[in-house]
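The values are calculated or read from the model by the stated rules, or taken from the named source; none is laboratory data. Note that the structure is a prediction, hence the values are computed from the model and not measured. Don't worry about glycine lacking a Cβ; one is built from the backbone with ideal geometry, like all the others, and counts go over all protein chains shown.
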Amino acid sequence: MRLMKPSLLTTLGISSLVAVAIAHAQPSSPLAKVNGVTIPQSRLEFIVRARAAQGQADNPETRKALKEALITEEIVAQEALKKGLDKDPDFVSQVEIARLTALVKAYEVDYVKSHPVADEELKKEYEALKAQVGDKEYKAHHILVATEAEAKDIIARLKKGGKFDKIAQEKSIDTGSKGKGGELEWSPPVSYPQPFAEALTKMNKGQLNEQPVQTPFGWHVIRLEDIRPLKIPSFEEAKQNLTQRVLQRQFAAFVGDLRSKARIE
């Protein structure tokens with residue numbers, strides 16, 4: 001049980017320390033004063049922008065609630081300072097970690113702004129992903145067990161008339177599907193680990209695999225229920241996700257290059 005609700009900024013996924021540091025980076029008109037300490041308007045605006053980025057509304061009622069929450073946090077923070085908690089080693093570490101996190105995020109945002117991705121590159125990414133995903137998706141049931149012998153025994157039982165759904169509920173160790181009789185969602189083969197994916201593409205509708213398939217999760221007994229054409233989003237529909245994908249890969253490579261050049265002792 002949580003005795004206290006998460007702080008406003010924590011709920012937003014923002015460190016209070018990061019928010020305060022950014023809010024104080026520029027002069028700002030006061031939002032309120034608490035025991036002579038000014039809460040800058042910029043702090044509220046920062047939170048409003050963060051909420052808007054998450055699709056939350058900006059309206060007078062919301063702003064009033066946010067203002068009250070900031071005042072409450074300032075009151076509690078002042079009490080913490082009176083007790084000298086800002087000198088606590090754990091708190092000092094937390095501040096430094098928050099500072100580093102904010103700097104990394106600021107650099108990442110700056111990197112994205114200064115490295116626009118051309119449509120030509122995005123279209124190449126789009127075509128590569130289309131080729132990887134393929135043009136079909138599959139509806140399957142499976143039973144996952146720990147050993148090959150157990151999987152073979154289940155295949156034998158099914159061939160003798162055993163009910164797939166019932167055996168899946170009894171034997172499968174896949175907690176996500178066993179309650180549904182081993183049912184899996186419609187998915188392209190690329191969504192599954194190999195050689196599960198390869199097995200699906202070689203099966204016919206209604207077919208049970210003759211031999212169990214091993215993946216890092218265990219041994220699978222598979223029954224293919226149906227196959228249908230895969231509806232792939234258009235380039236324009238996928239463009240935003242493609243941009244994020246390319247930029248994440250580029251930034252990861254950039255960071256890797258920085259690490260390779262850094263002197264780490």
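Observations
- Residue among GLU225, GLU210 that is in a strand (DSSP E or B), on the phi < 0 side of the Ramachandran plot and assigned by TED's automatic domain parsing to the domain that holds LEU158: GLU225
- Out of ASP226, ASP174, sole residue that is surrounded by fewer than 16 Cβ atoms within 10 Å (Cβ to Cβ), closer than 18 Å to LYS139 by Cα, of a type in the set (Asp, Glu) and touching a strand residue (DSSP E or B) at 6+ places or on another chain (Cβ under 7 Å): ASP226
- The one condition in (1) surrounded by fewer than 15 Cβ atoms within 10 Å (Cβ to Cβ); (2) over 17 Å from GLN132 (Cβ atoms); (3) touching a residue at least 40 places away in the same chain (Cβ under 8 Å) that GLY218 fails to fulfil: (1)
- Enumeration of residues in segment 57-78 that are assigned to a helix (DSSP H, G or I), of a type in the set (Asp, Glu) and surrounded by 10 or more Cβ atoms within 10 Å (Cβ to Cβ): GLU68, GLU73, GLU74
- Qualifying residue in segment 63-79 (condition: over 28 Å from VAL255 (Cβ atoms), more than 33 Å from the chain's Cα centre (by Cα) and not polar (S, T, N, Q)): yes
- Restricting attention to segment 160-175, the residues that are within 25 Å of PRO189 (Cβ to Cβ) and either part of a helix (DSSP H, G or I) or at pLDDT 95 or above (or both) total 8.
- Qualifying residues in segment 177-214 (those that are surrounded by 12 or more Cβ atoms within 10 Å (Cβ to Cβ) and among the small types (Gly, Ala, Ser)) - the one farthest from HIS141 (Cα to Cα): SER191
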